[in-house]
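To keep things clear, I will list the structure first and then write my remarks on it.
The values are calculated or read from the model by the stated rules, or taken from the named source; none is laboratory data. Just so you know, these numbers come straight off a predicted model, no measurement behind them. Here Cβ is always computed from backbone atoms with ideal geometry, including for glycine, and neighbour counts include all displayed protein chains. Please note that ligands, DNA and RNA were not included when accessible areas were found on the heavy atoms of the full protein model with its side chains. Shrake-Rupley method; radii C 1.70, N 1.55, O 1.52, S 1.80 Å.
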Amino acid sequence: MQKVNFNGMTFEVAGKLPEVGERAKDFTLVAKDLSEIKLEDFKGKRVVLNIFPSLDTDVCAASVRRFNKEVSELPNTVVVCASMDLPFAAARFCTVNDIENVMTGSGFRSDFGDEYGVRLKTGPLADLYARALVIIDEEGKVIGSQLVEEITNEPDYELAKKLLK
């Protein structure tokens, strides 16, 4: 069982984060316009899954802003920012923050958190997502993943950029 920390406390995470070399599992998340986002929608593209608890926290918001800024530098790449935030909240966040280069995906109607091994099972954030990155190549293989040990820390942006160069 995976574990992560939140302000000095340790909590269990459901499932297991995909490992390098595995075929990425298809997923369904909900876009800002309530349409479905699926991994199969991005065939032939590289996908960065930026996974986090909520856009309403400083660290999560910072990760979306940073990927939004840097995504234009990454050829043939889509960044999907996944959380349990409702699509309406994600739409508002993107409008207020001029987020145009990444997609937001809500897990409120899916088992994404369990399938990708990021759903917090215990603690005050139970059923939200842990902070993680999953980087998938054009063929649908996982080429990088990171479960951030301390939820209040940002993900390893350099890992994503290095793997996608």
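Considering segment 1-51, and only residues there that are over 26 Å from Cys94 (Cα atoms) and among the aliphatic types (A, V, I, L, M), the residue that is modelled with the lowest pLDDT turns out to be Met1. In segment 80-101, the residues that are β-branched (Val, Ile, Thr) form Cβ pairs under 8 Å with partners that are open to solvent by less than 80 Å² (accessible area, probe 1.4 Å) and part of a loop (DSSP other than H, G, I, E, B), at six or more places apart or across chains, as follows: Val80/Val102. Scoring Gly113 on the criteria (1) in contact with a Leu (Cβ under 7 Å, 6 or more places away or on another chain); (2) under 18 Å from Gly15 (Cα atoms); (3) not β-branched (Val, Ile, Thr) leaves a single failure, condition (1). Considered as a group, the residues in segment 135-165 that are free of Cβ contacts under 8 Å to residues at least 60 places away in the same chain and assigned to a loop (DSSP other than H, G, I, E, B) include one that is farthest from Glu19 (Cα to Cα), and that residue is Lys165.
Look at segment 121-134: where a residue is in contact (Cβ under 8 Å) with a residue 60 or more places away in the chain and a partner is of a type in the set (Phe, Trp, Tyr) and open to solvent by less than 10 Å² (accessible area, probe 1.4 Å), sitting 6+ places away or on another chain with Cβ atoms under 6 Å, you get Arg131/Phe52. Considering Arg65, Arg23, Arg46, the condition of being touching a helix residue (DSSP H, G or I) at 6+ places or on another chain (Cβ under 8 Å) and not polar (S, T, N, Q) is satisfied by Arg46 alone.
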